[in-house]
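**Q** Structure incoming, see below.
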Amino acid sequence: MPPRSLVVILLLVFALVRPAAADMLGKWLGQTVYVPVYSHIYGDDRYRGTPFLLTATLSIRNTDPDKALLLKSIRYYDSNGVLLQEYLEKPVAVPPFGSTRYIVPESESKGGSGAKFLVEWEADSPVVEPIIESVMIGTKMQQGISFISTGRAIKGTPVR
């Protein structure tokens, strides 16, 4: 095969593969997202099994620069899967590049180390998948701790 033909073939392959790579972000019409939350964790022997209480913030970030998404439901469950709180009375819109947050206070100890949020959202037209995370923070005496958990879609409607 002459070198010129090889270059043309490689350029064609690159042109076909490049759009596929651009779609890697994925567009969705809606999802149910499972987000791990820790209302408390356990430390070392110094605390003798006493839980280290944490404040948790659920952060929902619309990553689409052009389209809003609608939060339909935000539910907070304990370690046994028992619903503790429904955070929305009615749907809430998150504008393009907008974000919102919901807080589980440190004083809430019912959730436990296996607590979780289920976040349901939808959009009128395909949007880039949002970033949904929980951020936990706490202090005890002179000790501080903070960490995040990333949500994972457990069902949804992808756009193909």
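**Q** How far, in nm, would the chain grow between Glu86 and Thr139 when pulled straight, counting 0.36 nm per residue and subtracting the alpha carbon separation?
**A** 16.4 nm
**Q** Then there is this: Rolling a 1.4 angstrom probe over the protein heavy atoms, how many square angstrom per residue are accessible across the range 64-116?
**A** Numbers: 3110 Å² over 53 residues.
Value for the range 64-116: 59 Å² per residue.
**Q** Determine, for each peptide in 133-140, 94-101, the mean count of other beta carbons within 10 angstrom over its residues, then list the peptides with the highest first.
**A** 133-140, 94-101
**Q** Determine the gain in length on full extension of the stretch Thr157-Lys110; use 0.36 nm per residue of separation and subtract their C-alpha separation, reporting nm with one decimal.
**A** Net length gain for the segment: 13.7 nm.
**Q** While we're here: Calculated FRET efficiency, Ser125 and Thr32, Cβ-Cβ r, R0 22 Å, to nearest 0.05?
**A** So, using R0 = 22 Å, E works out to roughly 0.70.
**Q** DSSP loop GluC sites (Glu not before Pro) in the range 64-110 with at most 15 other Cβ atoms within 10 Å of their Cβ, which ones?
**A** Passing both the DSSP loop test and the Cβ count: Glu89.
**Q** So what's the gap between the Cα centers of the range 85-104 and the range 109-128, to the nearest angstrom?
**A** 10
**Q** Residue-wise, which Karplus ³J(HN,Hα) couplings in Hz belong to the range 58-66, taking 6.51 cos²θ - 1.76 cosθ + 1.60, θ = phi - 60°, and x for glycine or proline?
**A** Those phi angles translate into 8, 10, 10, 10, 7, 8, 7, x, 10 Hz.
**Q** In nm, what is the difference between 0.36 nm times the number of residues separating Ala93 and Leu118 and their Cα-Cα distance?
**A** 7.3 nm is the gain from fully extending Ala93 to Leu118.
**Q** A further question on this structure: For Lys67, list the lysines whose Cα falls under 23 Å from its own Cα; do not include residues on the same chain fewer than 8 positions away.
**A** Cross-link targets: Lys27, Lys90, Lys155.
**Q** Take every Cα-Cα pair in the range 117-159 and report what % of them are more than 11 Å apart.
**A** 73
**Q** Okay, next question. If packing is taken as the mean number of other Cβ atoms within 10 Å per residue, what is the order of 147-153, 111-117, highest first?
**A** Values: 147-153: 15.1, 111-117: 19.6.
Descending packing order for the listed peptides: 111-117, 147-153.
The values are calculated or read from the model by the stated rules, or taken from the named source; none is laboratory data. A quick note: this is a predicted structure, and the numbers were derived from the prediction, not measured. Positions of Cβ are backbone-derived with ideal geometry, glycine not excepted, and every protein chain shown enters the neighbour counts. Note: areas computed on protein heavy atoms with side chains; ligands, DNA, RNA excluded. Shrake-Rupley method; radii C 1.70, N 1.55, O 1.52, S 1.80 Å.
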